[in-house]
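What follows is one structure encoded as structure tokens, with my remarks underneath.
The values are calculated or read from the model by the stated rules, or taken from the named source; none is laboratory data. Given the structure is predicted, the values throughout are model-derived calculations rather than measurements. FYI the Cβ positions are ideal-geometry reconstructions off the backbone, even for glycines, and counts take in every protein chain you see. For accessibility, only protein heavy atoms count, side chains too; no ligands or nucleic acids. Shrake-Rupley method; radii C 1.70, N 1.55, O 1.52, S 1.80 Å.
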Amino acid sequence: MTRPIEIAPSVLPADFARLGDGIAALAAAGTDRIQWDIMDGQFVPNITVGPDTVASCRSYTSLPFEAHLMIYRPETLAKEFIAAGCTRLIVHAEACTHLHRTLGVIRELGATAGVALNPATPISAVEHVLDLVDLILVMTVNPGFGGQQYIATMEPKIRQMAALLEATGRRDDIDLEIDGGVSSKTIAGAAAAGANVFVAGSALFKHAAGLRAATSELRSIAEAHR
Ligand code: DX5
């Protein structure tokens, strides 16, 4: 069973003065889950929102929430983001002193766990924790901001990650997600390389024909090239 193609909008480009309405619009546009970009101004040079903001938007959709924790020591806020309504927490391998332990803490709290890898981080960083995750996120930008250029040299890394999942028999249990610069021009290459979940911000919010058209355009290109 191959993992389904999913479009996971990033909330980053939404109007932060009307986040609930933005979330509802993303859900109405046919997206599959909502990704919250959580930034601490230390691990990445930007600051966004915390668990209280996520909690205030929980009632606007029944779509799953996942938190992309671009923060140091993510285990210190895991409980709060799960209480806010996130069912999956994605931590950065580079931000965890004890990644194996942090993933265990997230699972003990009842959420599923994912690991994100910055562009320079090799996939070997996750080879000993595949039993603890249901998602690997290969960043296709350096994290911190939306609207950046897709780093196409990450496609061999996506391919490598897909091959590792295949070789370890985990291909059917683990989502391979990418985030950064996903658009109608870049999603085909990432899908062909083996990604099945696509985080998009600008490509959705800036699309001339609106969120629904943008979502179905991305989905059909990914389906056609996987
Ligand atoms: C980077 C962020 C962005 C965001 C998507 O830290 O994680 O990748 O989600 O931004 P776009 O789709 O505009 O590149």
Sole exception among (1) surrounded by 17 or more Cβ atoms within 10 Å (Cβ to Cβ); (2) within 16 Å of the ligand (Cβ to nearest atom); (3) of a type outside the set (S, T, N, Q); (4) more than 13 Å from the chain's Cα centre (by Cα) for ILE123, by number: (2)
Just give me the residues in the range 32-57 being within 12 Å of the chain's Cα centre (by Cα) and either part of a loop (DSSP other than H, G, I, E, B) or away from the ligand (no atom under 14 Å from the Cβ) (or both), in sequence order. ASP32, ARG33
Could you run through the range 173-188 and say how many residues are under 14 Å from HIS225 (Cα atoms) and surrounded by fewer than 17 Cβ atoms within 10 Å (Cβ to Cβ)? 3
Got a number for residues in the range 189-212 being open to solvent by 10 Å² or more (accessible area, probe 1.4 Å) and assigned to a strand (DSSP E or B)? 0
Which residue is most open to solvent (accessible area, probe 1.4 Å), if the candidates are limited to the range 58-80 and must be more than 16 Å from the ligand (Cβ to nearest atom), part of a helix (DSSP H, G or I) and of a type outside the set (Gly, Ala, Ser)? LYS79
Considering residues that are open to solvent by less than 30 Å² (accessible area, probe 1.4 Å) and either more than 16 Å from the ligand (Cβ to nearest atom) or more than 23 Å from ARG226 (Cβ to Cβ) (or both), the number found within the range 1-26 is 7
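Select from the range 81-101 the residues that are in contact with a strand residue (DSSP E or B) (Cβ under 9 Å, 6 or more places away or on another chain), part of a helix (DSSP H, G or I) and either free of Cβ contacts under 8 Å to residues at least 24 places away in the same chain or open to solvent by 10 Å² or more (accessible area, probe 1.4 Å) (or both) and list them in ascending order.
Hits for the range 81-101 are ILE82, ALA93, GLU94, LEU99.
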Per the list (1) over 16 Å from ARG3 (Cα atoms); (2) more than 14 Å from the ligand (Cβ to nearest atom); (3) without any contact (Cβ under 8 Å) to a residue 12 or more places away in the chain; (4) not hydrophobic (A, V, I, L, M, F, W, C), residue check on GLY169 breaks on (1)
Within the bounds of the range 128-143, is there any residue that is out of contact with any strand residue (DSSP E or B) (no Cβ under 6 Å at 6 or more places or on another chain), in a helix (DSSP H, G or I) and surrounded by fewer than 16 Cβ atoms within 10 Å (Cβ to Cβ)? yes
Test each condition in (1) within 16 Å of the ligand (Cβ to nearest atom); (2) under 14 Å from the mean Cα position of the chain (by Cα); (3) open to solvent by 10 Å² or more (accessible area, probe 1.4 Å) for THR112 and report the one that comes out false. (1)
